[in-house]
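Only the coordinates and a few stated rules stand behind these numbers; no lab work does. The shown structure was predicted, so the numbers you read here are calculated from the model rather than taken from an experiment. Every residue, glycine among them, receives a Cβ derived from its backbone with ideal geometry; neighbour counts consider all protein chains shown.
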Amino acid sequence: MNHENENLYAFGMIGLGTMGSNLLQNIADHGLSCAGYDINLAQVTALNALERNEIHGFSDLKEFANSLSRPRIVMLLVPAGKIVDVVIDELLEVLEQGDIIIDGGNSHFVDTDRRYKMLEQKGFHFVGMGVSGGEEGARKGPSMMPGGDKKAYETIKPILEKIAAQVHSEPTVAYMGARSAGHFVKMVHNGIEYALMQLIAETYAVLAKGLRLDDEAIHAVFKKWNEGRLKSYLIEITSDIFTFKNPGEDHLLLNAIKDEAKAKGTGKWTSQAAMDLRLPVPLIDISVSMRDLSKYKSLRTEASKLFPDSAQAKFIDDTDAYLITLEQAFYFSMVSAYAQGMHLLYKASEEYEYALNLDLIAKIWRGGCIIRATFLEDIYAAFNNDPKLEHIFLDASIGESLAKSVGGIRSVVSDAVRQGISVPAFSAALSYFDAFRSENMPANLIQAQRDYFGSHTYELKGKEGIFHTDWLKIDH
C-alpha cells in the first residue's frame, strides 16, 4: 500500500472507551484521519455512530492494521497489566518491522522497560507515554509524557503537539527520556496527585469539624482559594463538588457518597519506587495508606463507638483569621508534595539514566493534566533558573514563600491534634520539612543501636573509616 494513498488512516487507536474515543476525536479535529479498534463491538458501533468522515472503527484487527499508512502508528489505551502484553502480541501478527506502538495507559514503568527491550529486538519502535487530563483532557487537550524510542517520538511529535493542551501558546507534551521515562514521570505525577487529594480531604475535615462550616461556606473557601496562589484543577473541581445536587434532591451528592476511596495502584508504585531508590516521599506514602485505611469501614465504625470524639469547641472564634492560617498550611503542604515528587524524579533520572529535564516536566504539567496548578509556574522558573537544582526547597523564591507559611502549618497541625482530627498528610509535610532542615538528625542513635545488636558498624564525624564497638563491655 502506498503511504500517500488518501484512503489510509494516519493514526490508529486500540481501546475505544471514553479516553480512546475522545482522543481520536481530538486528533480528527486537527485534520488527521483516524482508525479505531476494539474487541467490544458496542464500542466500535458507538465510534462509527459519530458519523465523522475522518474516523472509522474496526472490529477486525487485520483490517484495522491494513487501513493505516506506513509506518503505522498504533496507540493502546487499554487497562495496564497483562492485557497490554496480550494486545501487543496480537498486534505483532498484523504489523511490520518499523511500525510504531504507543502504550498510552498507566503501565508500570518496569513493564515498559521489558516491552521496550522486547520490541526493539523485534524491529518495532515503542513509546511508553503517560497521558493525564481525564475525559475532558483527552477531548480538548491532555498533558502527555512520552518516553522510549526517540526516533519514533520525532515521527509522532507533530501529532502530539497538535492535540496537547496549550499553555502560553506552547504544547503540554515533550520527550521525557529513554526507555520507561515517560511512564515513570506519569507514575510520579499520579503520586503527587494522591498527596494533593489527601491534603484537600484533610482541609475539608478541618473546615467541617474544626471550624464547623457548612457546605456552602466550604464551597466559598475553595472558590476563593482558586482565585489566588492555590489556583489549580483539583481545587477548582472541589469547589464545584460542594455545590452539586442531583435533580430533585435537596442534599449534596457528596454527602451521599461512601467514605471509602478506591485506587488503581499508581500511588503505591510511586511509594515502592521511592523506597527502592531510598528516597523519602512521606506525603505520598501516607496518602496511599489513608486510602487503604478508608476501605476498613466496619472496623472504623466499631472503633468510633469505643473512642468517640471528645472535642467540643471550634478551633477559634475568628473564622476569617483562621482561614488565612489554613491557606498557609495548605500552601506549605502543597509545596512539599510537589517537592517530594520532583526530588524522586531527580534521583530516578540519575539511577535509571533517564536524563530527565525537570524544568520541561514542570512546563508540560502546567496545562491539561490533573495536577496543573499556578504553583507549577514557580517550579518551572526554579528549574529553568538552575537546571541542576536537586530540591525545590533550596530555590530562593520558593524557600522564602515556604518560610512565610510555616507558622500556618504548625498551627493547623497542633490544633487538629488537640481536637482529635486526623491530618496525617499535613503532619507528614511538616515533619518532612523539620527533618529536611535539620543539620543533625537523631540517626546517630539508630546507628549506635544497629551496631549494638547487630554489629552493623558506624562512621565517625571527622574521621575516615568504618567502626564497630563491643557494646557489651560497657561498664554499668
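For every other residue with a beta carbon closer than 14 angstrom to the beta carbon of Thr301, add +1 if it is Lys or Arg and -1 if Asp or Glu, then tell me the sum. That sum, taken over residues with Cβ under 14 Å, equals +1. The alpha-carbon atoms of segment 235-333, seen along their principal axes, cover 47, 35, 34 angstrom, with the largest extent given first. Of the residues Ile316, Ile421, the one with the fewest other Cβ atoms within 10 Å heads the list, and the complete ranking is Ile316, Ile421.
Using the rule -39500 (n - 2.57) for each DSSP H run of four or more residues, divided by the residues of the chain, the 222 nm mean residue ellipticity is -17000 deg cm²/dmol. In whole percents, the pair-distance distribution calculated for segment 397-476 from its alpha-carbon pairs, binned every 5 Å from zero, is 3, 11, 15, 14, 11, 10, 10, 11, 11, 3, 0.
Please give the helix 319-352 orientation as an angle from the longest Cα principal axis of the chain, in degrees from 0 to 90, rounded to the nearest 10. Taking Cα atoms only, the helix is inclined about 60 degrees. How large is log10 I(q)/I(0) at q = 0.12 Å⁻¹ when the Debye formula is applied to the Cα atoms of the chain, each weighted equally and without solvent? For the chain, the Cα-only Debye profile gives -1.11.
Rounded to the nearest 10 degrees, the inclination of helix 109-121 to the longest alpha-carbon principal axis of the chain is 30 degrees. Taking a straight Cα-Cα cut-off under 12 Å and skipping sequence neighbours fewer than 8 places away in the same chain, the aspartates and glutamates within cross-link reach of Lys297 are Asp259, Glu260. Built from the Cα atoms of segment 125-277, the convex hull projects on average onto 12.0 nm², one quarter of its surface area. Once you reduce segment 413-476 and segment 67-116 to the center of their Cα atoms, the two points are 46 Å from each other.
Fewest neighbouring Cβ atoms within 10 Å first, the residues Tyr338, Tyr458, Tyr352 line up as Tyr458, Tyr352, Tyr338.
Where does helix 282-294 land angle-wise versus the long Cα axis of the chain, in degrees 0 to 90, nearest 10? Approximately 80 degrees, to the nearest ten.
Out of all DSSP beta bridges in the chain, what portion is antiparallel? Express it as a percent rounded to 5. Here the antiparallel bridges make up roughly 35 percent for the chain.
Spherically averaged projected area of the convex hull of Cα atoms, segment 186-436: 14.4 nm². Translational diffusion of segment 185-242, estimated by Stokes-Einstein from the Kirkwood radius over alpha carbon pairs at 20 °C in a medium of 1.002 mPa s, is 180 µm² per second. For segment 307-443, the Kirkwood estimate of the hydrodynamic radius, built from every pair of different alpha carbons, is 16.6 Å. Only the Cβ atoms of Lys and Arg (+1) and of Asp and Glu (-1) were treated as charged; on that basis the dipole of segment 186-436 about its Cα centre amounts to roughly 520 debye.
For segment 11-179, the direction-averaged projected area of the alpha-carbon convex hull comes to 8.7 nm².
In the calculated pair distance distribution of segment 70-117, what percentage of Cα-Cα distances lie above 15 Å? Result: 41 percent of Cα pairs exceed 15 Å.
Evaluating 6.51 cos²θ - 1.76 cosθ + 1.60 at θ = phi - 60° for every residue in segment 363-370, the Karplus couplings come out as 5, 7, 7, 6, x, x, 9, 5 Hz, glycine and proline recorded as x.
For segment 148-277, the tally of Lys pairs with Cα-Cα distances below 17 Å comes to 4, considering only residues 8 or more apart or on different chains.
Annotation: the antiparallel percentage among DSSP beta bridges lying fully within segment 11-179 is about 30. For Lys347, a cut-off of 13 angstrom between C-alpha atoms picks up these aspartates and glutamates, skipping any fewer than 8 places away in its own chain: Asp276, Glu390. Its residue count N sets the reference 2.2 N^0.38 Å, and the alpha-carbon radius of gyration of segment 137-226 equals 1.54 times that reference.
Sorted largest first, the principal axis extents computed over the alpha-carbon atoms of segment 69-152 equal 35, 28, 22 Å. Over segment 1-85, the alpha carbon radius of gyration divided by the compact-protein estimate 2.2 N^0.38 Å works out to 1.01. Legend: ranking of residues Phe126, Phe453 from fewest to most surrounding C-beta atoms inside 10 Å; resulting order Phe453, Phe126.
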